[in-house]
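Shown next, in structure tokens, is the structure this report addresses.
The values are calculated or read from the model by the stated rules, or taken from the named source; none is laboratory data. Only a predicted model underlies this, so the values are computations on that prediction, with no experimental measurement involved. No Cβ is skipped: glycine too gets one built from the backbone with ideal geometry, and neighbour counts run over all protein chains shown. For the accessible areas, the whole protein counts, side chains as well, though only heavy atoms, and no ligand, DNA or RNA atoms are used. Shrake-Rupley method; radii C 1.70, N 1.55, O 1.52, S 1.80 Å.
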Amino acid sequence: MEQAELFTAEKVRNPRTEERKEKQREYDRKWYASRSEEQKERCRKKQEEYRASRSEEQKQRDRASKRNWYTSMSKEQKEKYLEKKREYHASRSEEQKQRDRKSRGRYLKSLDLDGLRLVKIGQMYRHAKKRAEDRDLPFNIIKQDIADVWPKDDYCPALRIALKIRRGRGGPTDNSPNLDRIIPHLGYVKGNIAVVCRLANQIMSSARPSEVIKVGKWFDEKYYEVKDTLNV
């Protein structure tokens, strides 16, 4: 019993030095570079099959576990964690980033419309949370709240144009789905959000609904006035 007590975690554990970590990273890079395209493709297929085989309950459980782990960290731990992430991304070569972009593109191409919608909802949630933190706005929504207000027919409820989610790289278009606040100063709270097209969001970004209606009526009248005057 006395001998067992000698084997503490501190004595058994052999902490990895920065030099050992760098050697391991170098070994991993050489190992990955030595693999054939056939081996890499086979590995990618196995990963895709594994992701597809997991139930929604398993995915939800993993997401909840990650949230609990992050929220349990102190402010200093979070800052240290984020600093490490920034250092890691800054240390990566352009070749590694390009490889990740290609992998991401293949993943998005493999998704159906429902899968793309879930990815977009996740992006909208993260961006809204970041905006709320930056602007000190209330925020109490979850991803399901965004899914609940997503138009069932995939058409913008304001302008009645189709919502289109782009696959892979490419900037937003007028048809891109946006998460909008009905009353801006209330923030991203339940009952105050809507999914509309980017064009509708831009129109409402700097004016009240009554002002938008007035401007719209004026331009509509001027449109036909100019059309009649110029005979076009």
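Taking Lys30 as the anchor, which lysines have their alpha carbon closer than 17 Å to its alpha carbon, excluding any fewer than eight residues away along the same chain?
Within the straight-line cut-off, Lys30 pairs with Lys21, Lys40, Lys97.
Considering lysine pairs in the stretch 140-232 that are 8 or more places apart or on different chains, how many have Cα atoms under 22 Å apart?
Lysine pair count for the stretch 140-232: 8.
State the dimensionless ratio Rg/Rh of the stretch 118-232 (Rg: radius of gyration of Cα atoms; Rh: Kirkwood radius).
1.06
Shape verdict for the chain, please, from the Cα gyration tensor: rounded (a/c under 1.5), prolate (a/b greater than b/c) or oblate. Can you show the working numbers first?
Working: a/c = 2.61, a/b = 1.93, b/c = 1.35.
Since a/c reaches 1.5 and a/b is larger than b/c, the shape of the chain is classed as prolate.
In a shell of Cβ-Cβ distance under 10 Å around Gly187, excluding Gly187 itself, what net charge do Lys and Arg (+1) and Asp and Glu (-1) give?
Combined, the nearby Lys, Arg, Asp and Glu give +2.
Give the ranking of Ile203, Ile213 by solvent-accessible surface, highest area first, calculated with a 1.4 Å probe.
Sorted descending by solvent-accessible area, the residues read Ile213, Ile203.
Quick check for you: with a 1.4 Å probe and neighbouring chains kept, what is the accessible area per residue of the stretch 61-148, in Å²?
77 Å²
Between helix 209-230 and the chain, what is the angle of the helix's C-alpha long axis to the longest principal axis, kept within 0 to 90° and rounded to the nearest 10?
Computed tilt is about 50 degrees.
As I understand it, the value is the acute angle between the Cα axis of helix 18-34 and the longest principal axis of the Cα atoms of the chain; what does it come to in degrees, rounded to 10?
70 degrees
Given axes a ≥ b ≥ c from the Cα gyration tensor, I'd like to know whether the stretch 22-141 is rounded (a/c under 1.5), prolate (a/b larger than b/c) or oblate. Provide the component values of the computation, followed by the final result.
Details: a/c = 1.93, a/b = 1.29, b/c = 1.50.
Oblate is the answer for the stretch 22-141, as a/c is 1.5 or above yet b/c matches or exceeds a/b.
Please list the non-local residues whose amide H lies under 5 Å from the amide H of Ile193, H modeled 1.01 Å from N, same-chain partners needing a gap of 5 or more.
Sorted by chain and number, the residues that satisfy this are Ile182.
Within 12 Å, Cβ to Cβ, of Arg25, how many net charges do the neighbouring residues add up to if Lys/Arg are +1 and Asp/Glu are -1? Show your work: numbers first, answer last.
Working: positive: Arg16, Arg20, Lys21, Lys23, Arg29, Lys30, Arg92; negative: Glu18, Glu19, Glu22, Glu26, Asp28.
Net of charged neighbours comes to +2.
Against the longest alpha carbon principal axis of the chain, how many degrees, from 0 to 90 and to the nearest 10, is the axis of helix 75-91 turned?
Taking the Cα atoms of the chain, the angle to 75-91 is about 90 degrees.
If contacts are Cα pairs under 8 angstrom and at least 6 residues apart, what is the relative contact order of the stretch 122-223 in percent? Don't skip to the answer; put the middle values down first.
Details: 114 pairs, mean separation 26.9, N = 102.
That works out to 26 percent.
In percent, how large is the relative contact order of the stretch 99-179, given Cα pairs closer than 8 Å and 6 or more residues apart?
Once normalised by length, the contact order is 32 percent.
Using θ = phi - 60° and the Karplus form 6.51 cos²θ - 1.76 cosθ + 1.60, what ³J(HN,Hα) does each residue of the stretch 151-157 get, whole Hz, x for Gly and Pro?
x, 5, 9, 6, 10, 4, x
Pairs of alpha-carbon atoms within less than 8 angstrom and 6+ residues apart define the contacts here; what relative contact order does the chain have, in percent?
Here the relative contact order equals 13 percent.
222 nm [θ] for the chain, helices only, -39500 (n - 2.57) per DSSP H run of 4+, per residue, to 500?
-21000 deg cm²/dmol
Share of the chain's accessible area from carbon and sulfur, percent, 1.4 Å?
52 percent
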